[in-house]
1. Across segment A:629-646, what is the total count of residues that are modelled with pLDDT of 95 or more and either at positive phi or surrounded by fewer than 24 Cβ atoms within 10 Å (Cβ to Cβ) (or both)?
2. Determine whether segment A:337-359 contains at least one residue that is in a helix (DSSP H, G or I) and modelled with pLDDT of 95 or more.
3. In segment B:16-29, which residues are more than 21 Å from the chain's Cα centre (by Cα) and within 9 Å of the ligand (Cβ to nearest atom)?
4. So which residues in segment B:125-137 are out of contact with any helix residue (DSSP H, G or I) (no Cβ under 6 Å at 6 or more places or on another chain), away from the ligand (no atom under 11 Å from the Cβ) and open to solvent by less than 60 Å² (accessible area, probe 1.4 Å), if there are any at all?
5. Go through segment A:221-256 and give me each residue that's open to solvent by less than 30 Å² (accessible area, probe 1.4 Å) and farther than 19 Å from A:G464 by Cα.
6. Give the residues of segment B:155-196 that are away from every other protein chain (no Cβ under 14 Å), surrounded by fewer than 20 Cβ atoms within 10 Å (Cβ to Cβ) and either within 18 Å of the chain's Cα centre (by Cα) or away from the ligand (no atom under 14 Å from the Cβ) (or both), sorted by residue number.
7. Consider B:I140 against the criteria (1) over 13 Å from the mean Cα position of the chain (by Cα); (2) within 14 Å of the ligand (Cβ to nearest atom); (3) closer than 21 Å to B:S221 by Cβ; (4) open to solvent by less than 10 Å² (accessible area, probe 1.4 Å): it satisfies all of them except one. Which criterion is unmet?
8. For the structure I just gave you, tell me whether B:A270 is within 13 Å of chain A (Cβ to nearest Cβ), surrounded by 14 or more Cβ atoms within 10 Å (Cβ to Cβ) and either of a type in the set (G, A, S) or touching an Asp or Glu at 6+ places or on another chain (Cβ under 8 Å) (or both).
Amino acid sequence: MVISESRPFLRADGPDKVTGSGRYVADISLTGMAAAKFKYAGMAHGRITKLDLEAARSIPGVYAVLTHKDVPDVRFGAIPDRKLFASDVVRFEGEVVAAVAAIDAATAARAVEAIVVEYEPLPIVDDLEAALDENSPLVHESWADYDADHVVRDRNVASFSSIERGDVEAGMAEADLVVTSRFEADASHAVPIEPRGILAQWEGDRVTIWSSTQVPFQARAGVCETLGLATNKVRIIVPHLGGGFGGKCGFHFEAHVAALARAVRRPVKLVFTREEEFVAPDRRREGMTIDVTSGIRRDGTLVARRGRMLLDNGAYTADADFFPQLAAMHLAGPYKIPNVLIESSLVYTNRQPSGSVRAPTAPQACWALEAHTDELADAVGMDPVAFRRLNAIDSGSVGVVGQTYGEIGLQQCINAAVEEIEYGSDLPPDEAVGVAIGWWPSFPGPSGVYIKIDDDGAGQIITGAQECGTGAVMTIPHIVADELGMQPGDFELIYQDTGAAPYDVGATGSQTLLNNGRAALAGARELARQLKELAAEHLEASTEDIVLQSGEASVVGSPASSVSIVELAAIAADNNLLLAHGSSEVIETPPLVGSTCVGDQGVAAWSAPQFSCHAVRVRLDRDTGVVRVLEVSTAHDSGTIINPLGATGQVEGGVLMGIGQALTEGTRYDEDGRQLNAGLLEYKLQTIADAPTIATRFIEIDTPDAGPHGAKGLAEAPNVATAGAIANAIAKLVGHPIRRLPMTAERVWETL
Amino acid sequence: MRFTKAETVEEALHAMAAGARPIAGGSDLMVAARQGKSPLPESIVAIDRIPALSRMDADERGMRIGAAVSHAQLEVDPRIVADYTALADAAALVGSPATRHVGTIGGNIMNSSPAMDTGAPLVVLDGRVELRSLDRTRQIDISEMWTGPGQSVAAVDELCTAILLPERAPRSGSGYVRLEYRRAMEIAVVGAAASVTLAPDGDLLAAISVALTAVAPTIVSVEIPKEAIGRPVDDDLLDRIAVAASERAQPISDVRASARYRKHIVGVMARRAAASAFGRARGETIGVPLNRTAGIGAP
Ligand SMILES: Cc1cc2nc3c(=O)[nH]c(=O)nc-3n(C[C@H](O)[C@H](O)[C@H](O)COP(=O)(O)OP(=O)(O)OC[C@H]3O[C@@H](n4cnc5c(N)ncnc54)[C@H](O)[C@@H]3O)c2cc1C
């Protein structure tokens, strides 16, 4: 633990955010700045038969109206199936057809109204089963021409993946009982509090883009790819970011705004409305249809599982190409099952594209699996917790893809969560406790930092990492200071600027502390070496004997012989500078053993897997179907916990998001494929007034091949098991699982 | 656009006669404009700083609530909580603490949404609305106020100055409860208010009224069969109230709920409102708001 009560967590961006002095993209104004607005398709599927910009262009104050003709003809995306602007066919309501830059937002909005687009309506594909039919209309007529050899695909199936181990037929035959369940999950949203803003300004052939992105380097890559620019011509800066939850991962609209700014020779700013934030980005949490069958022995041992999953990709493949395999892993779950066959398909529809929202695929798949697991326990008359203890993996177990797990804390998580909630104690008749377990991979990747100490002893950490609210980047100064015997406050962060810092993949995949933390540790150790060498020279001692402590370098065993780091900094300023860099080392992904994956996307065997158990006490109002979550107890194995306050905050936030996904969130569509609740009144997030008591325990295991000091990731894991636990509590009260997510009051009531 | 701040009722009335529209808390007006539902009026007069409109006065005839009294004032006012409890139940549910501090009872009524929370309580409490224009002052029964969603009998130059609540009969109680999917920033999917008066001796029913929120184009009253009077308030009577409420409702299906669900829920809400009104009439302490004590997923 780097941060403890004696050295509390100082969140460097806290005062800015709390007092309102922090600046977000929407707050920035540049001289001569124009306002951007998009013309959206407004319909789910149609062929453009007419696109007339004359009226819009002739409005006074309109500087430019751009379409596909004004940008390079480039396809992009995980499967390159998308272009910046629709040219021929529109495939979902939020597809951008044209972009306007005008003197102000009101004029831009009028110009958008004045753009004339006519369509020949095409049949809408919005049913996952029907989309598989060989007579179904295709979302992409020319799917086969897209350059995507890394995925297995066919017609409306954008990406197919399977996990196969043992012999599922034989396993089922061997089972005493076979239980089949079907579940359906609606799509949902990330809903960051800040609707995104993008501001672009050209100077010569270089463009600076201020963007509300979680992934500045990916955004830069997208701009470079679509506008044909070198990476050193594009600088992405993120001022403060008002949340992301995955919704601001990926490359979105930076290139549109850059293209507008180049066309009008002025800075151009785009700020989304809340409705646009719901409809336009390609990062919705995918809807899912899940069929699962498991075979068990009478003693409760799992012997076989068969699964079939359909995931709603929406109209384009933002980053969801690997989702089928990840979803399959969550339907397999952290269990020991010798015979498994799970087939999972990512299906094109005429809906908003899906993408990485916090723990993509996991909450829905875990919800279905854990409800199914309670059905299995029930079928053999076993307590659901005992059933999990029997079948869940433990240290040394072999999991569904043949991976042998090292020291892991799943069983301890189960024990801790059920103990905390006093599982099994008497409850009033309208209350019940449900339990679910979940897992999530850590994603090692490249990441870098520079660290320097200037002449006055003040330090700077220049990191490629992006702070999306988790506090992960705010933890970096603590890691660095800890190595150098300094204080976190001795360091300022320079971050969220691709023009200044080395690469990092961004605030995505729970990887900031995991990867950038390792880079920071490496950089700090390098700087420590420089300090020690300098001190050794100064103190006439050997480098190995120097210790850095309390702002001093001293000789071990003779504390009187010491020099302050401030003094060393002054010396270095005239000689070799105190200037270090660190980079995260490669961690090899474990191999698949004894299992096969068709359409392998590399997310079946996991580095440093994280585990969790959530136990939830709910109350059901039987007359209305309204469920209230009263208490949640969670236990997580995310390795070593470096920042307990930040970690607890992550878990509490994940739980609250999980409650929303379980009960009140969920996107509704009309018959024409348009969102019905693209706003905060009808898309019901949980509020602070709804927050239950949440108790959090960490099972700390110093994990090898993980993050700094044995830490794993933690940002997504808390969002995995909550919905499943709530489902199981409700099922106890109503006598059967609710098979549709979210489990709204009306849906619960319908089954009573 | 023209914006004036009135310091007296007379100033406000003059401005309105000249075409200005009043703004109190602005929590409906501004939100509707931002959402593009209805543009901001060309001329606006602020009425939230008029002392006479922000007062609550009580005497033996009842209570006079200034139109600019906020929900936050209502939910904690001892007289409202004690005697006009349904109104406190409703005020305490509006939006969030911030909404309750800016939002006013006058704005709630004059906005004339069928989902307004104070409407049904005011109907069962026999409220009257005082409307003033430059040339006249009139009072009308609140049950005659609304003619459709966003529509009322008030003329454009009429300012709502107060809501008048008659003195409550002894042994009376009232309550308001609504369906909610979350505990703040919610809109009534369905709600019901009830007022119950018991006979001076014993617990037999002397008077009852029930009104419903968000199940028709306006707040509507439920006809309770005459036979109910003189009877004990038991499960049988409460069931009948629930049935009468469900029958009275003409709900729609939308993204918030299906008509079928709403029709069922309005019965549940009416039953709970009536049961709590009965309890309060008998002197039981049932906390405000009812949604937290006897309502949805309590506590
Ligand atoms: C986040 C949020 C949550 C909300 N939640 C709820 C809720 O739970 N329940 C609920 O019922 N409402 C809710 N509302 C709506 C609103 O807050 C209430 O209706 C509030 O009482 C309106 O009062 P106001 O003073 O803000 O009205 P304003 O917006 O100032 O006015 C509303 C309308 O009434 C007119 N008006 C105002 N005062 C007078 C007057 N004295 N005489 C004549 N005309 C007048 C105005 O011209 C305007 O047309 C919510 C609103 C928001 C923004």
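1. Of the residues in segment A:629-646, 5 are modelled with pLDDT of 95 or more and either at positive phi or surrounded by fewer than 24 Cβ atoms within 10 Å (Cβ to Cβ) (or both).
2. Taking segment A:337-359 first, the residues in a helix (DSSP H, G or I) are none.
Within segment A:337-359 (the criterion being in a helix (DSSP H, G or I) and modelled with pLDDT of 95 or more), the answer is no, since none of the residues qualifies.
3. Taking segment B:16-29 and keeping what is more than 21 Å from the chain's Cα centre (by Cα), we get B:16-21.
Within segment B:16-29, B:M16, B:R21 meet the criteria.
4. Once the filter is applied, which keeps residues that are out of contact with any helix residue (DSSP H, G or I) (no Cβ under 6 Å at 6 or more places or on another chain), away from the ligand (no atom under 11 Å from the Cβ) and open to solvent by less than 60 Å² (accessible area, probe 1.4 Å), segment B:125-137 yields only B:L125.
5. Selection gives A:T226, A:L227, A:G247, A:H252, A:F253, A:A255, A:H256.
6. Passing the criteria: B:L164, B:P166, B:E167, B:A169, B:P170, B:R171.
7. Here B:I140 meets the rest and fails (4).
8. Values: within 13 Å of chain A (Cβ to nearest Cβ): yes; surrounded by 14 or more Cβ atoms within 10 Å (Cβ to Cβ): yes; either of a type in the set (G, A, S) or touching an Asp or Glu at 6+ places or on another chain (Cβ under 8 Å) (or both): yes.
Taking the combined requirement at face value, the residue satisfies it.
The values are calculated or read from the model by the stated rules, or taken from the named source; none is laboratory data. Keep in mind that what you see is a predicted model, and the values were worked out from it rather than measured. Methodologically, a virtual Cβ is constructed for each residue, glycine included, from the backbone with ideal geometry; neighbour enumeration extends over all protein chains shown. We work out accessible area using only protein heavy atoms, side chains counted, and drop any ligands, DNA or RNA first. Shrake-Rupley method; radii C 1.70, N 1.55, O 1.52, S 1.80 Å.
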